[in-house]
1. Semi-axes, largest first, in whole Å: what does sqrt of 5 times each Cα gyration tensor eigenvalue give for the chain?
2. Taking 8 Å as the Cα distance limit and 6 or more residues as the minimum spacing, I'd like the relative contact order of the chain as a percentage.
3. Between ARG408 and TYR541, what length comes free when the chain is fully extended (0.36 nm per residue of separation minus the Cα-Cα distance, one decimal in nm)?
4. Let me know the Kirkwood hydrodynamic radius for segment 501-548, please, with Cα pairs as the basis and the value in Å to one decimal.
5. Using only C-alpha atoms and all pairs of different ones, pull out the Kirkwood radius for segment 426-510 in Å with one decimal.
6. What is the list of residues in segment 412-426 whose amide nitrogen lies under 17 Å from a point 7 angstrom out from the Cα of ARG479, following Cα to Cβ?
7. Per the Kirkwood treatment, what hydrodynamic radius in Å, one decimal, follows for segment 168-389 from the mean inverse distance over all distinct Cα pairs?
8. Can you tell me how much longer the chain between TRP175 and ARG517 gets when fully stretched, taken as 0.36 nm per residue apart minus their C-alpha distance, in nm with one decimal?
Amino acid sequence: MASLAPGQSRPAAPSAAATYDAVIIGAGFAGLYQLLTLRDKLGLKARVLEAGDGVGGTWYWNRYPGARCDSESYYYSYSFSDEVQQEWSWSERYPEHGEIRRYLNFVADKFDLKRDIQFNTRVASAEYDAAANLWRLRTEAGESLSARFLITAVGCLSSANIPNIAGLERFSGQWYHTGRWPQEGVDFTGKRVGLIGTGSTGIQAAPVIAAQAAHLTVFQRTANYSIPARNGPVGPEELREIKANYAAIREKARGSTNGHPFDIAEDSPLDLDEPARLARYEAAWERGGLRFRAAFRDLLTNKAANDTASDFIRAKIRTIVRDPRVAEMLTPKDHPFATKRPPIDTEYFETFNRDNVTLVDIKATPIESITPTGIRTSEAEYPLDIIVFATGFDAMTGPLLAIDIRGRDGLSLREAWSAGPRTYLGLQVAGFPNMFTITGPGSPSVLTNMPVAIEQHVDWITACIGHMRRQGLQRIEARPEAAERWVAHVNEAANATLLPLANSSWYLGANVPGKPRVFMPYAGGMANYARRCAEVAANDYEGFVLAR
Ligand code: NA7
């Protein structure tokens, strides 16, 4: 068992089958805030079970070189406490993983949350006991707990996707998945490193690894669009202004489509002539970040509009990368911009101008095996000391299905979701009473700046449980027909956008062999979604059955 961080107390293990009002799985942004509201607002006996030895969730595990958030620090943060907003100062435009962990530790300590978090505890199973109306949990260490409410705060990107490549077990060097990065870090000095994957993670990691390693070979399956992040320090004046305007910033984020506090332009690139359109894109490129998508209103809904953005980025890649052959390999051709989650970068394309970096197109020359000394493709063998898998996650459903969750009559979540996830509002699954899934599939989640989606879910769940307690209600369960209607609406919302056009996207589950292809997050927009959830609650929890 890993040692505790300074100041971290380890709560006593619960006695056999200790019973709680609520058990929360996970101590990231979602689990911490859910614990705070249930315990301190509602006075519930609540406990968090967390697999890691500290708080952080996604940011506990993702410590790879270059790991930082793509949302800007001042709004990738909690809004529920003005004291936290005023006391905490971010140092960079995009928070680095260590700084996010320090922030979450600061919040956890400020509200004395760690006394109710049991670290180093992975939940193996959770079964609904209908007679007692309790969830019965078992941990991997064999402890038993019971709770009236089960709340999953397991994150959307926490189940590592490690490709099944023949020979990995014979590799004599070291290999790592970016989402399971060693706490002590990895020293690349003098090493020949192979990096598989060019999603957001690979694109963040490649420049940092290249700067340290003797040689970096990037194995690319799909060329990706990326926008410069334009990271830098946050100055004292900027910080003062942010802190003075937090109320308006938060309101704007909550009222937006993606949980970001900035405006999306009201016109289409097709309304402008070419010089004006290019000038708009240039300005967005210079400003950098995910906001590039907001340069026009219809980049995600109109293919012709999107083509102009895709072409602009392709031209940039060809300008930055000196070797035309490499530039061509790096140019995305098989999906429109932003239909896969768009990465942002710090000198990613520039990295391919370095003498110690090689790009291998593994769509043209697939990886055949990992040998004891490197990676063999259909064309060549690349000798390596270290392999880094930046191959992403079994997103959204993976972390839930990793736990053996069984609802009414022993129905397993795996069976219930055999054709893809089915939820009501991304908050509940029919047949699984009193279980809430924070940022579950069918909610905006990964299409937003996550803390906004998380706070909205936690506040809704807390209000719902508060209502139940006041009314003497013991059980809430999604009606199957309400879930069916919601699933249809989630599909409809996705189909109103260009998002389904990226047929290898993790939004669709297409990155994990054998996973059902269903567009998982809700693409109808954060503000619309929150309004719908509020209406459901106001209409006496329409679509749910509540019982004594
Ligand atoms: P992503 O975005 O899922 O990217 C994974 C990358 O790994 C992507 O380039 C994949 O290629 C590649 N990949 C996946 N499996 C394989 C195999 N078997 N062989 C070769 N290459 C493979 O994960 P990230 O960690 O980068 O980002 C996840 C999210 O974190 C991101 O979207 C942000 O929301 C933050 P593919 O494109 O599938 O051909």
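1. Those come to 37, 28, 24 Å.
2. Worked out over the chain, it gives 19 percent.
3. 45.8 nm
4. About 13.3 Å for segment 501-548.
5. 14.5 Å is the Kirkwood radius here.
6. Once the point is set 7 Å along Cα→Cβ of ARG479, 423-426 turn out to lie under 17 Å by backbone N, inside segment 412-426.
7. This gives a value of 19.4 Å.
8. 120.2 nm
The values are calculated or read from the model by the stated rules, or taken from the named source; none is laboratory data. Everything numeric in this text was worked out from a predicted model, so none of it was measured. A quick note on method: Cβ atoms are made from the backbone with ideal geometry, for glycine too, and the neighbour counts reach across all protein chains shown. Just so you know, the surface numbers come from the protein's heavy atoms only, side chains and all, with ligands and any DNA or RNA stripped out. Shrake-Rupley method; radii C 1.70, N 1.55, O 1.52, S 1.80 Å.
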